[in-house]
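The block underneath contains the structure these notes are about, expressed in structure tokens.
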Amino acid sequence: MAAPSGPTVPTTTDAPAPPPFGTVPAGVMVVCDVDDGVFGQPQVVPTADISLHPFAHVLHYGSACFEGLKAHRGHDGVVRLFRYERHVERMRRSAELMLLPPPPEDLLRQAIESAVVSNLDVTPAPPGALYVRPMLFGTEANIGAAAAPSRDAKLLVVCSPVGDYFAGGGRPLRLLVETELPRTTPQFGEAKAGANYVMALGVTRRAAAEFGVDQVLFAPGGSVQETGAANFLLIDNDRVVTRALDGSFLHGVTRDSVLTLARDLGYQVEEREITVEELLGWPGEAALAGTAAVLAGVGTLVHEGREVTIGDGAVGPNTERLREALVAIQQGAGDDRHGWRTVVA
Ligand SMILES: *Cc1c(COP(=O)(O)O)cnc(C)c1O
């Protein structure tokens, strides 16, 4: 967004608002060209425009997937990637689903590490982090290839310094429960792909305009799946409940981490179906889990035009507790008992 022109009035009490998530490119990116399925040598280059042939497969037939992970600078100054092997695995899975050549594990790890090491100068102190966005798309220059996968591709790893998503306290979210329209198609539920986002976008925009909600919780056929970009959890003093892994939704690293920490803290973890009926009668807390927001409390649901308050409508204490436990590990505090951190610098 453009800054207003003309003189600005300095305020003494407020720090300048941080730029919105994902709007600040880090100076350096990693690029790797894939030629007939073979990955070349990743190159570290300045973040800048890339060139694509107008016949490139991705521009016509949507062959693209991505990842999103974070490198955290700890209070000790050390920079650590969080569970990046998981993101590497998942990107390979998404690539397969998009019929793109899957990046070799070592190459993708190395590309991610190089991107972080090259952007240490903009990796912020906590609670900020360096958001890392690997992306892969089909570049074969052939608009006749509608029914063929792209054998050529480009792998990029771009980065962006991000602030605390919760600066200002973490307002409880308002979700529309959508029981008819799906988030995506069954065969792409597990893919982290832009195509899924654009499919959910119209539904989410309409819901925002009509009901003033932040997100749509997709529950086709009355069975809760997830929102457009985050997994959904029910939480109370004893339990964390979430949909069991299946092909219908994106298997979040944050979801898995929160479930693991919840078990460590003595919660009972239930991975099973959640019906809309159970959801609307849930007496405890609800939250969204994802890399960007970590764990965000849900305060209100809108279902068939009716508003349902979750708990007392505020971010719940168990949600806060689990979020703090996760953030502490990400920032390097305490034991890394599950081996989730990789020191980069
Ligand atoms: C990325 C993503 C998530 C969250 O996954 P994390 O690994 O926790 O960041 C959830 N749902 C969708 C659709 C996503 O694309």
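The values are calculated or read from the model by the stated rules, or taken from the named source; none is laboratory data. Computed from a predicted model, the values in this text were never measured in an experiment. Virtual Cβ from ideal backbone geometry, glycine too; neighbours counted across all protein chains shown. The protein model used for the area step is the full one, side chains on, heavy atoms only, and it has no ligands, DNA or RNA in it. Shrake-Rupley method; radii C 1.70, N 1.55, O 1.52, S 1.80 Å.
Solvent-accessible area per residue for segment 169-258 at a 1.4 Å probe radius, Å²?
Accessible area per residue: 39 Å².
Within segment 228-264, whose backbone N sits under 11 Å from a point 7 Å along Cα→Cβ of GLU324?
Those under the cut-off are none; the list is empty.
Along segment 53-70, what does the Karplus equation 6.51 cos²θ - 1.76 cosθ + 1.60 (θ = phi - 60°) give for ³J(HN,Hα), rounded to whole Hz, x for Gly and Pro?
Values, residue by residue: 5, x, 8, 4, 3, 4, 6, 10, 10, x, 7, 7, 9, 8, 9, x, 9, 10 Hz.
Please list, in order, the residues from segment 148-190 whose amide nitrogen is less than 14 Å from a point placed 7 Å along the Cα→Cβ vector of TYR197.
Backbone N within reach: 158-160.
Full extension from VAL308 to ASP336: what is 0.36 nm times the residue separation minus their Cα-Cα distance, to one decimal in nm? List each step's numbers first, then the result.
Numbers: separation 28, 0.36 × 28 = 10.08 nm, distance 3.85 nm.
Additional length available on full extension: 6.2 nm.
Can you list residues whose amide H is under 5 Å from LYS192's amide H, if they're 5+ apart or on another chain and H is modeled 1.01 Å from N?
Distant-sequence amide H within range of LYS192: PHE66, SER94.
If you count the DSSP beta bridges with both ends in the chain, what percent of them are antiparallel, to the nearest 5?
Close to 80 percent.
Can you compute 3J(HN,Hα) from phi for each residue in segment 287-294, using the Karplus curve 6.51 cos²θ - 1.76 cosθ + 1.60 with θ = phi - 60°, rounded to whole Hz and x for Gly and Pro?
8, 9, 10, x, 4, 5, 9, 6
DSSP loop (so not H, G, I, E, B), at most 15 other Cβ within 10 Å: list which GluC sites (Glu not before Pro) in segment 292-324 pass both filters. Working shown, then result.
Details: sites: GLU304, GLU307, GLU320, GLU324; in loops: GLU304.
Qualifying residues, ordered by number: GLU304.
Can you tell which of ARG306, ARG272, ARG183 shows the greatest fluctuation in a Gaussian network model of the chain with Cα springs below 10 Å?
Of ARG306, ARG272, ARG183, the Gaussian network model singles out ARG306 as fluctuating most.
May I ask you to derive the relative contact order of segment 173-330, considering only C-alpha pairs under 8 Å and at least 6 residues apart, and to give it as an integer percent?
Values: 310 pairs, mean separation 37.9, N = 158.
Relative contact order for segment 173-330 comes out at 24 percent.
May I ask you to derive the relative contact order of the chain, considering only C-alpha pairs under 8 Å and at least 6 residues apart, and to give it as an integer percent?
18 percent
Relative contact order for segment 17-76: what percent, with Cα pairs under 8 Å and sequence separation of 6 or more? Numbers along the way, then the final one.
Values: 32 pairs, mean separation 13.0, N = 60.
This gives 22 percent for segment 17-76.
Go ahead and estimate [θ] at 222 nm for the chain from helices alone: -39,500 (n - 2.57) per DSSP H run with n ≥ 4, summed, over the residue count, rounded to 500.
When only DSSP H runs of four or more count, the value is -7500 deg cm²/dmol.
Give the carbon-plus-sulfur fraction of the accessible surface of segment 173-330 in %, rounded to a whole number; probe 1.4 Å, heavy atoms of protein chains only.
Numbers: 3180 of 6250 Å².
It is 51 percent, rounded to a whole number.
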